[in-house]
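Heads up, the thing below is written out as structure tokens.
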Amino acid sequence: MLASNRLEIGLCIYQCLPKASEEKTMIQQITDKIYKIEIPIPFPLKTMNVYFIDDSPRTLIDAGIKTEASFETLKKGLETIGYGLNSIERILITHGHIDHYGQAKRLFSLSGAPIYIHPKEYGKIRSVIHSLGFLKSILLRNGAPEALVNEAIQYIESAQSMADPLEEAFFLNDGDTVSFKLMTWKTILCPGHSPGLICFHWPEKKILFTGDHLLKEITPNPVLNVPEYKSPFRYPSLKDYLTSLEKIERLDISLLLPGHGEEIDDVKGLIQKIFAHHKERMDRVLFSLSKKEKTPYEIAMDLFPGVPPFEIFLGISEAVGHLEILKEKGIVRLKEKEGKDYYSLET
Ligand SMILES: [Zn+2]
Ligand SMILES: [Zn+2]
């Protein structure tokens with residue numbers, strides 16, 4: 001079941017303060033070529049999945065976060081199937097969140113494996129610090145109290161110790177081929193959770209590696225990003241996310257291999273649940289606006305009462321995603337007052 005009255009966790013870096021993780025090796029063989037290694041992360045989702053593809057070149061999908069527990073788990077996982085970290089020959093990164101790319105540089109230094117990512121994620125893996133000022137202005141503009149914003153920014157800054165910035169990466173674009181000796185995949189751009197999130201499709205086996213685009217029982221957040229659009233404060237992340245879902249719905253896929261949690265075989269069922277979930281949330285946004293105009297922060301508080309300070313960024317992302325769609329449909333209007341965005345129902 002997709003929870004509807006709590007803040008689902010998709011982005012893994014803006015969650016809560018890091019805690020010590022248990023060190024454990026969890027490896028699972030999915031097909032004769034694909035292994036899943038469950039890597040501990042110090043966030044509520046507890047683990048993320050690195051996939052090891054035992055073909056030529058030997059490839060990792062995502063790298064894990066930069067902690068000793070993550071490093072040791074990956075090392076042990078590969079040893080279980082007879083490889084060392086130096087046998088990795090290629091690293092594909094689904095998106096630029098620290099739990100997915102954090103230790104890529106360390107793996108590169110041990111193996112020399114080239115790292116691939118979509119160009120829209122490159123800015124994030126190179127340095128997140130440059131975007132913190134912009135993030136702060138987004139939060140303030142959306143009505144978050146200054147003390148809370150400062151706390152959130154401080155946390156995001158401190159979380160960066162769990163990722164090494166990557167200067168060198170190769171780019172993968174929508175439709176690009178990922179070739180192995182015995183198979184060929186296709187790169188599928190699925191913006192929404194992150195603007196340059198890429199999934200990998202293996203058509204012969206009807207398998208899709210989803211990163212955080214599709215997760216079992218968790219709705220990934222369409223997270224606000226530093227916009228690339230003309231208007232500096234418009235964020236079409238939810239609209240993009242839903243369009244990306246339709247894109248996946250049209251493909252012939254029977255197994256999803258996500259960036260967190262278990263694999264998913266009821267692909268159409270999951271996609272329908274997510275559409276229904278966002279429709280229900282859209283109704284709750286409208287209800288929140290039924291009596292008076294509100295900032296996205298106030299709406300987020302209505303949607304997710306009692307949300308901890310570090311999740312407020314996700315709450316605002318969720319509210320703004322819905323508000324942008326409602327505004328485009330002419331259902332709500334946006335007014336700026338004293339540097340803050342207020343939304344109200346069109347009369
Ligand atoms: Zn993510
Ligand atoms: Zn993630």
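Note on the stretch 34-54: residues that are surrounded by fewer than 17 Cβ atoms within 10 Å (Cβ to Cβ) and either in contact with an Asp or Glu (Cβ under 8 Å, 6 or more places away or on another chain) or not in a loop (DSSP other than H, G, I, E, B) (or both) amount to 0.
Within the set ALA169, ALA159, the sole residue that is within 16 Å of ligand 2 (Cβ to nearest atom) and either crowded, with 20+ Cβ neighbours inside 10 Å or not hydrophobic (A, V, I, L, M, F, W, C) (or both) turns out to be ALA159.
GLN154 falls short on exactly one of the conditions (1) under 19 Å from the mean Cα position of the chain (by Cα); (2) within 30 Å of GLU298 (Cβ to Cβ); (3) away from ligand 2 (no atom under 16 Å from the Cβ), and that condition is (1).
Among the residues of the stretch 127-156, those identified as surrounded by fewer than 18 Cβ atoms within 10 Å (Cβ to Cβ) and modelled with pLDDT of 85 or more are LYS136, SER137, LEU140, PRO145, GLU146, ALA147, LEU148, ASN150, GLU151, ILE153, GLN154. Taking the stretch 83-111 as the range and being farther than 17 Å from PRO220 by Cα and among the polar types (S, T, N, Q) as the test, the residues that pass are ASN86, SER87, GLN103, SER109, SER111.
The set of residues in the stretch 79-123 that are in contact with a strand residue (DSSP E or B) (Cβ under 9 Å, 6 or more places away or on another chain), within 16 Å of ligand 1 (Cβ to nearest atom) and either without any contact (Cβ under 8 Å) to a residue 60 or more places away in the chain or assigned to a helix (DSSP H, G or I) (or both) comprises ASP99, HIS100, TYR101, ALA104, LYS120, GLU121, TYR122. Residues that are among the small types (Gly, Ala, Ser) and under 22 Å from the mean Cα position of the chain (by Cα) were ranked within the stretch 51-78; the one that is farthest from HIS201 (Cα to Cα) is ALA69. Taking into account only those residues within the stretch 177-207 that are under 17 Å from LEU257 (Cα atoms) and within 16 Å of ligand 2 (Cβ to nearest atom), which is nearest to the chain's Cα centre (by Cα)? Restricting to residues being under 17 Å from LEU257 (Cα atoms) and within 16 Å of ligand 2 (Cβ to nearest atom), the top hit is HIS193. Residue count for the stretch 283-308, restricted to those that are under 24 Å from the mean Cα position of the chain (by Cα), small (Gly, Ala, Ser) and in a loop (DSSP other than H, G, I, E, B): 1.
Residues of the stretch 84-118 that are more than 23 Å from PRO258 (Cβ to Cβ) and either within 16 Å of ligand 2 (Cβ to nearest atom) or not polar (S, T, N, Q) (or both): GLY84, LEU85, GLU89, LYS105, ARG106, PHE108, LEU110, GLY112, PRO114.
The values are calculated or read from the model by the stated rules, or taken from the named source; none is laboratory data. This one's a predicted model, so the numbers in the text were calculated from it and none came from an experiment. Note that we place each Cβ from the backbone using ideal geometry, even for glycine, and neighbour counts take in every protein chain shown.
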